[in-house]
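Visitor: Sharing a structure below in structure tokens format, with a few things to ask.
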Amino acid sequence: GMPAAIRNFVIPLPYNDEQFAIVQRLDHSDGVVVQGPPGTGKSHTIANIICHVLANGGRILVTAKSDSALAVLRDKLPKEIRPLTVSLLSSEADGNRQFESNVRTIDEELSRLDEERATARIERLQAEIDQLHEAMAEADRQIEARAKPNIQPIFKDGKEVSVMDLARQV
């Protein structure tokens, strides 16, 4: 099953161990620099970090040398997350318009949010996740229990032979 610690991580895009380590590092430090050649998954990793930080009630600032890098990053964010973000690119008027629009969207969402109902739903979903983790662990136990007798060596002509060797011979 999944380690309990991962439950605090909200990472919507696929990730590898190195990218997960960056997210973990951020939980213990104020910042992290992500650098590397084009195509190595920087924007992808940063999009996951943004989602994780926002989902945990935090704020995050991402800077880049070029507008295009920030635009690529904005496009990587799941569309449900974009209204919670503000991209201030070179075109100041456009940035301000977007800023105002996003603040309005966030304000409308907050006024519609029923905190008690949301908390109850979060608790229900967390309980569901816990049940699913338990079901996965039970399935793993059952698979192991069923597989074990089938991989035990057997005796043929007085010699111990692995089931896999016999299968290969057939």
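Visitor: Which value, in debye to the nearest 20, gives the size of the charge dipole of the stretch 82-168 about its Cα centre, when Lys and Arg are +1 and Asp and Glu are -1 at the Cβ?
Guide: So the dipole magnitude of the stretch 82-168 works out to roughly 600 debye.
Visitor: Using R₀ = 35 Å, calculate the FRET efficiency as 1/(1 + (r/R₀)^6) where r is the Cβ-Cβ separation of ALA139 and VAL161; round to 0.05.
Guide: 0.70
Visitor: Another question, then. What are the ³J(HN,Hα) values, in whole Hz, obtained from phi via the Karplus relation 6.51 cos²θ - 1.76 cosθ + 1.60 with θ = phi - 60°, for each residue of the stretch 155-170 in sequence order, with x given for Gly and Pro?
Guide: 9, 9, 6, x, 10, 7, 10, 7, 4, 5, 5, 4, 4, 5, 5, 5
Visitor: Here's another thing I want to ask about it. I want to check the label-to-label distance for GLU115 and VAL32. Put each point 7 Å from Cα in the C-beta direction and report it in nm to one decimal.
Guide: Here the modelled spin labels are 3.0 nm apart.
Visitor: Related question: Find which of ILE49, PRO83, PRO38 sits farthest along the positive direction of the dipole of the chain, computed with +1 on the beta-carbon of Lys and Arg, -1 on that of Asp and Glu, about the Cα centre.
Guide: PRO38
Visitor: Can you compute the charge dipole magnitude of the chain about its Cα centre, using +1 on each Lys and Arg Cβ and -1 on each Asp and Glu Cβ, nothing else charged? Give it in debye, rounded to the nearest 20.
Guide: The calculated dipole for the chain is roughly 480 debye.
Visitor: So what is the calculated 222 nm ellipticity per residue for the chain, using -39500 (n - 2.57) for each DSSP H run with n of 4 or more, over all residues, to the nearest 500 deg cm²/dmol?
Guide: That calculation yields -19500 deg cm²/dmol at 222 nm.
Visitor: A further question on this structure: Within the chain, how many Lys pairs sit with Cα atoms under 28 Å apart, leaving out pairs fewer than 8 places apart on the same chain?
Guide: So the count of such lysine pairs works out to 7.
Visitor: Once R0 is set to 45 Å, what does the formula 1/(1 + (r/R0)^6) return for the Cβ-Cβ distance between GLN131 and ARG97, expressed as a FRET efficiency to the nearest 0.05?
Guide: Calculated value: 0.50.
Visitor: OK, next. Pick the calculated Cα Rg over 2.2 N^0.38 Å for this structure from [x] 1.16; [y] 0.92; [z] 1.58?
Guide: Working out Cα Rg over 2.2 N^0.38 Å from the coordinates points to [z].
Visitor: Hey, in the GNM for the chain with a 10 angstrom Cα cutoff, which one of GLN98, GLN19, GLN131 fluctuates hardest?
Guide: GLN131
Visitor: Given 0.36 nm per residue, what is the gain on full extension from GLU123 to LEU88 after removing their alpha carbon distance, in nm?
Guide: 9.0 nm
Since every read-out is calculated from the coordinates, none of them should be taken as a lab result. Computed from a predicted structure; not experimentally measured. Every residue, glycine as well, gets a Cβ built from its backbone with ideal geometry; the counts of neighbours run over all protein chains shown.
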